[in-house]
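Engineer: First the structure, then my questions, so here it is.
The values are calculated or read from the model by the stated rules, or taken from the named source; none is laboratory data. Predicted model only: the values in this text are computed from it and were never measured. Cβ: placed from backbone, ideal geometry, glycine included. Neighbour counts: every protein chain shown. Remember, those area values only see protein heavy atoms, side chains included, never the ligands or the DNA or RNA. Shrake-Rupley method; radii C 1.70, N 1.55, O 1.52, S 1.80 Å.
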There are 2 protein chains.
Amino acid sequence: MNNLKFDANGLLTGIVQDSDTKQVLMVAMMNADAVKKTYQTGLAHFWSRSRKSLWLKGETSGNLMKVRKMLVDCDGDALLMFVEPQGPACHTGNQSCFFTEMEMKNAA
Amino acid sequence: MNNLKFDANGLLTGIVQDSDTKQVLMVAMMNADAVKKTYQTGLAHFWSRSRKSLWLKGETSGNLMKVRKMLVDCDGDALLMFVEPQGPACHTGNQSCFFTEMEMKNAA
């Protein structure tokens, strides 16, 4: 926890990746409490900026995310969680929140 | 571009994943200009909050990131880029900026 750098709003970026398929499922913000609860319980927690509250992912839907591994990036302001999802990550029912492709004008 | 939602600072989250290995390489912020430049050139661009300037990833190091596919998430405030990296993503020389494991107290 000591190496983590939270921004001016006390938040850092939390990325969720399926530990099995390696699909990136979602990204959300975490405050210190969310990181601590994730660490303590092994279940992904976030901070909801709209609701201004701690948020256990899947608390309502039942689609909890069991965290198998957690990596911090080189500047300490982002976490990458490898999870075993208990259901779709997205409220739309999609496995991942990233399901809309943007057309690229040029491929380099 | 019309579906993207930038925050109060005009930024959204850009996640970079290796299109081949599926490893998450880095995360950084993008403003509208960074998204547009990425779209136009097929090379990952970001917004540096510390330098307050547009940043072509690899401009100095040569480790450009060729973007093969770009997905936007369900609420339009994050982009996931699948890239072909031309070298390590991290300034430390690591392939990914996520190379430090956090111990989990409990695995759920």
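Engineer: Per DSSP H run of n ≥ 4, the term is -39500 (n - 2.57); total these for the protein assembly as shown, divide by its residue number, and report the mean residue ellipticity at 222 nm rounded to 500 deg cm²/dmol.
Structural biologist: So the calculated ellipticity at 222 nm is -2500 deg cm²/dmol.
Engineer: Please report the antiparallel percentage of the DSSP beta bridges confined to the protein assembly as shown, to the nearest 5.
Structural biologist: Antiparallel: roughly 80 percent of the beta bridges in the protein assembly as shown.
Engineer: Right, here's the next one. Students sometimes get this wrong: rank A:Lys57, A:Lys105, B:Lys52 by accessible area, probe 1.4 Å, all chains present, largest first. The partial results should precede the final answer.
Structural biologist: Working: A:Lys57 25, A:Lys105 125, B:Lys52 150 Å².
Ranked list, largest accessible area first: B:Lys52, A:Lys105, A:Lys57.
Engineer: Using R₀ = 22 Å, calculate the FRET efficiency as 1/(1 + (r/R₀)^6) where r is the Cβ-Cβ separation of B:Arg51 and B:Glu101; round to 0.05.
Structural biologist: According to the calculation, E is roughly 0.15.
Engineer: Ok, one more. Full extension from B:Arg68 to B:Asn9: what is 0.36 nm times the residue separation minus their Cα-Cα distance, to one decimal in nm?
Structural biologist: Stretched fully, the B:Arg68-B:Asn9 segment lengthens by 18.5 nm.
Engineer: Ignoring solvent entirely, what values of log10 I(q)/I(0) come out of the Debye formula for segment A:16-73 at 0.19 Å⁻¹ when each Cα is a single scatterer?
Structural biologist: Here the Debye-derived log intensity ratios amount to -0.68.
Engineer: Another question, if that's okay. Could you provide, to the nearest whole Å², the per residue accessible area of chain A with probe 1.4 Å?
Structural biologist: Values: 5270 Å² over 108 residues.
Heavy-atom accessible area per residue stands at 49 Å².
Engineer: Express as a percent, rounded to the nearest 5, the fraction of DSSP beta bridges in segment B:1-79 (both residues included) that run antiparallel.
Structural biologist: 85
Engineer: Using θ = phi - 60° and the Karplus form 6.51 cos²θ - 1.76 cosθ + 1.60, what ³J(HN,Hα) does each residue of segment B:51-63 get, whole Hz, x for Gly and Pro?
Structural biologist: 8, 6, 8, 5, 9, 7, 4, x, 4, 8, 7, x, 7
Engineer: Could I have the simple spin-label model distance between A:Ser19 and B:Gln40, label points 7 Å from Cα toward Cβ, reported in nm to one decimal?
Structural biologist: 4.4
Engineer: Further, regarding this structure: Can you tell me the FRET efficiency between B:His91 and A:Thr92 if r is taken as the Cβ-Cβ distance and R0 is 30 Å, rounded to the nearest 0.05?
Structural biologist: 0.25
Engineer: Could you order A:Ser53, B:Ser50, A:Ser61 so the one with the most accessible surface comes first? Probe is 1.4 Å.
Structural biologist: From most exposed to least exposed: B:Ser50, A:Ser61, A:Ser53.
Engineer: So for A:Thr100, B:Thr21, A:Thr13, what's the accessible-area order with a 1.4 Å probe, most first?
Structural biologist: B:Thr21, A:Thr100, A:Thr13
Engineer: Can you give me the Kirkwood hydrodynamic radius for the protein assembly as shown, using every pair of distinct Cα atoms, in Å to one decimal?
Structural biologist: Details: mean 1/r = 0.0578 Å⁻¹.
It is 17.3 Å.
Engineer: Moving to a separate point now. I'd like the interface area for chains A and B: accessible area of each alone minus the complex, both sides summed, 1.4 Å probe, protein heavy atoms only. What is it in Å² to the nearest 100? Intermediate values should be presented prior to the final figure.
Structural biologist: Details: alone 7160 and 7150 Å², together 10520 Å².
So the total buried area for this chain pair works out to about 3800 Å².
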